[in-house]
Amino acid sequence: MVYTEAQAARGGAAYEAACAGCHRADLGGGTGPALKQQRFARQFAGKDLRTLFTKVATTMPRNAPGSLGDNVALDLIAYLLRENGFPAGSEELTADALDGIRVVAGMRKPPPPVGDFSYVEVVGCLTPGPQNTWLLTRASAPAAATPSGSPDTAKPLGTETFHLVDALAYAPDSDKGHKIYVRGLVIKLPDEQRLTISVFESVSPTCGE
């Protein structure tokens, strides 16, 4: 907890202006290396932040090395720390603190909060609803998902209910009463939750735990 959210936000703006062209907006790497997750940990884990600061302040951006200034370099480090899962605190990162802070491997950025139109995954009981609709009842709370992520089909059941949009396209009659894994967009309406379907998979032929 060595930087503030405000400092990381400033760093994000500086990154977009000076760094995203080479390292990509998602830090995934382009003409410059990736700056997140395994690539970040492999290069900087076990080293103090002075190493990262020196790299940023003296060699970046590629077309104008050393032009960012120390304060912007500190903001950029705060942004990189946030995007790599290191939590914010109440005090900004300063140059004086760099030597005493080491990068720890294995941090992951926490998943984004689930809101309206979030891409999520849930498990629940496939249940017929009124007027030829299908519901996912006793469903788990929606958890943030990614299109390429591995499905977490071992989730326990919960207390949520979702109206499955376009469920008829998946021949739901054959899976009635099954424990079902669904991945899609959650749509929160005043009187119900709806879930679009991009992945529909039977986990168990019964809906017990």
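Quick look at the numbers
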{"read-out": "Probe 1.4 Å, accessible area per residue of the chain, Å²", "value": "53 Å²"}
{"read-out": "Options (i) 1.10; (ii) 1.14; (iii) 0.95 - which one matches Rg/Rh (Cα atoms, Kirkwood Rh) as calculated here", "value": "(ii)"}
{"read-out": "Orphan Cys of the chain, criterion: no other Cys C-beta under 4.7 Å", "value": "Cys19, Cys22"}
{"read-out": "Three-way shape label, the stretch 19-98, alpha-carbon gyration tensor, a/c 1.5", "value": "oblate"}
{"read-out": "Other-chain or far-sequence residues with amide H under 5 Å of Leu135's (modelled H)", "value": "Thr127, Gly129, Leu164"}
{"read-out": "Pairwise label distance in nanometres, Lys188 with Arg42, each label 7 Å out on the Cα-Cβ vector", "value": "3.9 nm"}
{"read-out": "At least 18 Å along the helix axis (C-alpha) and Kyte average at least -0.5, DSSP helices within the chain", "value": "5-18, 70-83"}
{"read-out": "Percent accessible area from carbon and sulfur atoms, the chain, protein chains only, probe 1.4 Å", "value": "54 percent"}
{"read-out": "Cross-link reach list, lysines versus Lys47, counting only Cα pairs under 24 Å and skipping chain neighbours closer than eight places", "value": "Lys36, Lys55, Lys109"}
{"read-out": "Contact order relative to length of the stretch 143-209, as percent, for alpha carbon pairs under 8 angstrom and 6 or more apart", "value": "35 percent"}
{"read-out": "Relative contact order, percent, the chain [alpha-carbon distance under 8 Å, six or more residues apart]", "value": "18 percent"}
{"read-out": "Computed E for Asn71/Thr137 - FRET, C-beta separation, R0 41 angstrom, nearest 0.05", "value": "0.15"}
{"read-out": "For the stretch 133-144, Karplus couplings with θ = phi - 60° (6.51, -1.76, 1.60), whole Hz, Gly/Pro x", "value": "9, 10, 10, 10, 9, 6, 7, 5, 5, x, 10, 4"}
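The values are calculated or read from the model by the stated rules, or taken from the named source; none is laboratory data. Computed from a predicted structure; not experimentally measured. Please note: Cβ atoms are built from the backbone with ideal geometry, for glycine as well, and neighbour counts cover all protein chains shown. With ligands, DNA and RNA removed, areas are computed over all heavy atoms of the protein, side chains included. Shrake-Rupley method; radii C 1.70, N 1.55, O 1.52, S 1.80 Å.
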